[in-house]
1. Averaging over every viewing direction, what projected area does the convex hull of the Cα atoms of chain A cover, in nm²?
2. Pull up the DSSP beta bridges for chain A and report the antiparallel fraction as a percent, rounded to 5.
3. What are the nm distances, shortest first, from B:Ser316 to its equivalents in the other copies, labels at 7 Å along Cα→Cβ?
4. With an 8 Å Cα cut-off and a minimum separation of 6 or more residues, compute the relative contact order for the stretch B:291-389 in percent.
5. Can you check how the C-alpha radius of gyration of the stretch A:194-235 compares to 2.2 N^0.38 Å, as a plain ratio?
6. If A:Phe222, A:Phe244 are ordered by their accessible area, calculated over protein heavy atoms with a 1.4 Å probe, which sequence runs from highest to lowest?
7. What number comes out for the charge environment of A:Asp279, summing +1 per Lys or Arg and -1 per Asp or Glu over other residues with Cβ under 12 Å away?
8. What are the DSSP H helices in chain B that stretch 18 Å or more along their long axis, judged by alpha-carbon atoms, and whose average Kyte-Doolittle hydropathy comes to at least 0.0?
2 protein chains.
Amino acid sequence: MKPGSFPPSAETLARFAAIAGQQYTISEEAEMVPYLREWRDRYQGRAALILRPGSVEDVSRILALASETGTAIVPQGGNTGLVGGQIPFESGNEVVLSLARLNRVRETDVIGHTLTVEAGMTLAQVQQEADAAGTLFPLSLASEGSCQIGGNLATNAGGMQVLSYGNARDLVLGLEVVLASGEVWNGLKTLRKDNTGYDLRDLFIGSEGTLGIITAAALKLFPRPRQRATLFAGLPDLDGVLRFLGLAKMKAGPALTLFELLPRIGLEFVLRHGQGVRDPLMEAHPWYVLAEISSLSEDGEAGAAMASIAESAFESGCISDAVIAATLAQREALLKLRELMSEMQKYEGGSIKHDISVPVARIPDFIREAGMAVERLVPGARPVPFGHAGDGNIHYNVSQPVGMDTDTFLAQWEEMADAVHGIVTRMHGSISAEHGIGRMKRDVLLQVKSPVEIELMRRIKSAFDPRGILNPGKML
Amino acid sequence: MKPGSFPPSAETLARFAAIAGQQYTISEEAEMVPYLREWRDRYQGRAALILRPGSVEDVSRILALASETGTAIVPQGGNTGLVGGQIPFESGNEVVLSLARLNRVRETDVIGHTLTVEAGMTLAQVQQEADAAGTLFPLSLASEGSCQIGGNLATNAGGMQVLSYGNARDLVLGLEVVLASGEVWNGLKTLRKDNTGYDLRDLFIGSEGTLGIITAAALKLFPRPRQRATLFAGLPDLDGVLRFLGLAKMKAGPALTLFELLPRIGLEFVLRHGQGVRDPLMEAHPWYVLAEISSLSEDGEAGAAMASIAESAFESGCISDAVIAATLAQREALLKLRELMSEMQKYEGGSIKHDISVPVARIPDFIREAGMAVERLVPGARPVPFGHAGDGNIHYNVSQPVGMDTDTFLAQWEEMADAVHGIVTRMHGSISAEHGIGRMKRDVLLQVKSPVEIELMRRIKSAFDPRGILNPGKML
């Protein structure tokens, strides 16, 4: 029988509880709730048990028992995922394995610039450890206070600074992983170079808990920027974004740590519903860019570079107006406009969201074509495309037409997603740039990937998890 | 029967030749020679045929036929590998598949900073294409004039600029790969973010042609530095290297594009045997560092940063003396000291070479412990540890004692390698930092990897290549 298709026996449950310890085993429905719902309430599952083991050895014993008994295991970090990968199904036959208690720092190497931590540390705690060592761990997400580093790696999290530092994958040197059998793969190396064998590390990263459970990671640390220059520019048209980005990249290179696109309508939503915000520019512009340059020196290098980029961009006509933050308070005010963009959309009624990426050069084409497709489907619907333009990653959110019934609008979700994903796929883009597949996009995956790729993924899955106990029904 | 254990039939050979075309099939022994020996003559094999197909479709048909007939295929790029991965065995039962004729540029995207090329382009050609687009492709190796990008990716090549730009793996966005079955996996995406499914790309990279044959790659391009500051410093002791590196990294970050360690004895060899070289410093120092900072601006930023780093390093006592190149000619002269280091060792008799890495903080310990082990084994042997200290990657070469018989010394290779690798493994390092496993280190791999990891690798190998036709007997 397939794991997850039958309830574990009372004896099996007792054995699981004995491994994690009674005080770290949750079997009361009411107490389980925080582990069974994601914060946007899109997915709500049930579970046979929640286990909160305190050591790698216990995780290992739990997986060995799960393999022996064919019990489905759903690994869970901070429960902040957006595609339901961390939530069990409704059957109640699965066991949720929380990594929260594995939250120690294993090693800080200030000379080699590495930090080895357990999976259950929150991203904010990891950032603090890096900071205490006089360095930077650059992964940064809205949920950093509660998401856990193990989950960040299992989903290859993105965020704001990918442009300069890369995705979560790029910030890892080594992993410790408990396999479906309960065996532990110790790949916790802190080496910058190692060409011995297949790259198992990157296979586990982004596999959403379907190939093994990450219990610890050796992370890269970076020098901490000492100065930043933050710019908010108004653009006359969408094509200017690419020219502006090209210019900024050629002049600043990896010092360009932020390059975010904002549409006028998004700024209007923020100005209308946000607290203590104002338009930094005198006139309205159809598009905006929020950019930042970070410098390791304190001698004004960042500001000078940003001023020179703004000047060139202004001269070549790709920006119409711009401000550069002169104080920390002004910087915060500019960043806030971007931070509020997603949240303020809810005051405008229903929003249909897409997390897509396209090759950077196709961003304007994508936004234009998707806009036309949306207008054909729901006349009057209001696209709010914003986000990490430097990575080609646009959060293509669409607010409902003014006055329309919200449920009627949201009923169009699938059809609109099909249209938008169709354009993305034609442009060789990705239908999930940051958030992963989980439960939400499992069917879409089969549509956008070639049969060859799906077959390779399935073979890997059965090579790593022959009984199918690890997060079954997610991703693949 | 296992592929490679029996000669292909005359009919099979004729079918292979018909796919590649007669003029692109080599069956005369004399003409085969360039494909059967590596340049240091350490490995010399034989082959049933050399095929030089001109299209992905033909590579696909060749692999389909190989799978059908159980013929072993040895993929080959520029034949510059150092561990014998690209050389067939002595049996003469294998077919060498050269990628040299797949050498077109598929696409240059100057806005998205990507370059899509076929596997057979030489690294130098790829660098030139990037340059023509006003950008940089930073992978740089001694063999760049003849090595091919497909081979660079199949072996995850390293080189001089890894410190700032990463290994070959870090420079790739997407791949096209022909699988053992002949099916083509089109993973040629140029996306900066894509979280849909398992990371097949990184599994093929570094797999040395044992999981599939890379036929094309989408590469990342970078802004081209406009100014460089190059420093050559003398250090009072080995521990100063780490302090100097820490200081340079914190002040320069990714602008630190070179940080190479050189021992006095290595410099002496270069000064003794090299043409047109001189010691840049007045006095002798036990250790030297060659460092470079690259800047995207032309306003002297790089020089100022380097001067400030040198000043701090001098004040804190981690360097004793230093020069910064004032002209391009001076820069070339400094770089030449590093470039000649490997070659000049041959004038000092036999050299036993190790390509290892350790966590950066362990470099001094490693050099000290390895030195003692070498002295115990061959009293008077002269270690010349040099290389990419910024990555923890030391080329641990040992020159024979003065006056010793070279063959007698080289007969100690295995025993010395065992001793050195033992220290590396104890320090959680890598016994092949850059060069890979190939034929040379296949036995060592089984000693240094855990049974769990070897088992996972074997499962992946049989999932991807069930008949075992792809480069059998290499790596695994």
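1. 23.2
2. Bridges in chain A that DSSP calls antiparallel: roughly 85 percent.
3. 3.9
4. About 11 percent, as a whole number.
5. Relative to the rule-of-thumb radius for its length, the stretch A:194-235 sits at 2.01.
6. Output order, biggest surface exposure first: A:Phe222, A:Phe244.
7. Residues close to A:Asp279 contribute a combined charge of 0.
8. Working: long enough: B:56-69 (20 Å, 0.49); B:239-252 (20 Å, 0.52); B:301-315 (21 Å, 0.50); B:328-344 (23 Å, -0.08); B:363-377 (21 Å, 0.25); B:413-426 (19 Å, -0.13); B:451-464 (20 Å, 0.09).
Both cut-offs are met by B:56-69, B:239-252, B:301-315, B:363-377, B:451-464.
The values are calculated or read from the model by the stated rules, or taken from the named source; none is laboratory data. Please read all numbers here as calculations on a predicted model, not as lab measurements. Note that we place each Cβ from the backbone using ideal geometry, even for glycine, and neighbour counts take in every protein chain shown. Ligands, DNA and RNA are excluded from the accessible area calculation, which covers all protein heavy atoms including side chains. Shrake-Rupley method; radii C 1.70, N 1.55, O 1.52, S 1.80 Å.
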